[in-house]
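Heads up, the thing below is written out as structure tokens.
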Amino acid sequence: MDGIPILRISAGTVRKDGIIAEEEHRLISGVSLPERAQYELRPRDLLACRFNGNLRFVGKLSLYIGYLGIKPIYPDKLIRLRLALPFVLPELIRWFADSDPMRNEIESYCATTVGNWGISASNLKQIRIPLPPLAEQHRIVAKSMCSWPSATNSKQNLQPLKPNAAVSLKPSFRKPLLQPQAKQHDHFRLH
């Protein structure tokens, strides 16, 4: 079958290492070039599950790295977060967002309807995530990568890491994550 690869909702939840399972896609037709551009994924984009029967999957962030080279688009059942890369490492945000304090905040914005839990993009944008200076972000990610599974092993069944470093961060401001003038060592929202 010919078509454009579109991720399934399970692509963001099937792997336990926080990487988008690119194998979880199907092919669709009838996607215009403007639609393809609007919903394209780029390496280091984050995706969040908009709704699911399992509360722990709702708002869960997963990292797209493009290991299959299929250039998929994402469905409206997932929320894409494209961060300001010069100021923040998506790998760190994904890791912090999986911590118990961040999950508690994310889940506080979730609502249920007919057995399905959901979160809106606007509510997800309200989540505050601690952000250390960029050099510290690189240090944390580099140190943690030793424990993270290989991105090419999509069947690996490891528990997500919980960031202990988040407890020691001292936030002083709240600014949108995508503002280029953002000061480091702040709390940011997922805009």
Can you tell me which of (1) of a type in the set (D, E, K, R); (2) under 21 Å from residue 96 (Cβ atoms); (3) in a strand (DSSP E or B) is the one residue 56 doesn't meet? (3)
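Of the residues in the range 112-142, how many are crowded, with 18+ Cβ neighbours inside 10 Å and in contact with a Lys or Arg (Cβ under 7 Å, 6 or more places away or on another chain)? Please lay out each step first, then the result.
Start the filter on the range 112-142 by keeping residues that are crowded, with 18+ Cβ neighbours inside 10 Å, which leaves 117-119, 124, 127, 129-132, 137, 140.
Checking which are in contact with a Lys or Arg (Cβ under 7 Å, 6 or more places away or on another chain) leaves us with 118-119, 127.
Selection size over the range 112-142: 3.
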Please verify whether the range 34-45 includes one or more residues that are aliphatic (A, V, I, L, M) and exposed (fewer than 14 other Cβ atoms within 10 Å of the Cβ). yes
So residue 55 ticks every box in (1) aliphatic (A, V, I, L, M); (2) surrounded by fewer than 18 Cβ atoms within 10 Å (Cβ to Cβ); (3) without any contact (Cβ under 8 Å) to a residue 60 or more places away in the chain but one. Which box is left unticked? (3)
Any idea which of 36, 42, 80 is assigned to a strand (DSSP E or B) and either closer than 26 Å to residue 143 by Cα or in contact with a strand residue (DSSP E or B) (Cβ under 7 Å, 6 or more places away or on another chain) (or both)? 80
From the set of residues in the range 1-47 that are under 12 Å from the mean Cα position of the chain (by Cα) and acidic (Asp, Glu), which is modelled with the lowest pLDDT? 17
Residue 74: out of contact with any Gly (no Cβ under 8 Å at 6 or more places or on another chain), in contact (Cβ under 8 Å) with a residue 24 or more places away in the chain and hydroxyl-bearing (Ser, Thr, Tyr), yes or no? yes
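Taking residue 65 as the residue in question, decide whether it is of a type in the set (Val, Ile, Thr), surrounded by 14 or more Cβ atoms within 10 Å (Cβ to Cβ), modelled with pLDDT of 95 or more and part of a loop (DSSP other than H, G, I, E, B). Don't jump to the end; show me each part of the working.
Working: of a type in the set (Val, Ile, Thr): yes; surrounded by 14 or more Cβ atoms within 10 Å (Cβ to Cβ): yes; modelled with pLDDT of 95 or more: yes; part of a loop (DSSP other than H, G, I, E, B): yes.
For residue 65, the condition - of a type in the set (Val, Ile, Thr), surrounded by 14 or more Cβ atoms within 10 Å (Cβ to Cβ), modelled with pLDDT of 95 or more and part of a loop (DSSP other than H, G, I, E, B) - is met.
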For the range 115-129, what are the residues that are under 15 Å from the mean Cα position of the chain (by Cα) and either part of a loop (DSSP other than H, G, I, E, B) or not small (Gly, Ala, Ser) (or both)? 119, 120, 123, 124, 125, 126, 127, 128, 129
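The values are calculated or read from the model by the stated rules, or taken from the named source; none is laboratory data. A quick note: this is a predicted structure, and the numbers were derived from the prediction, not measured. A quick note on method: Cβ atoms are made from the backbone with ideal geometry, for glycine too, and the neighbour counts reach across all protein chains shown.
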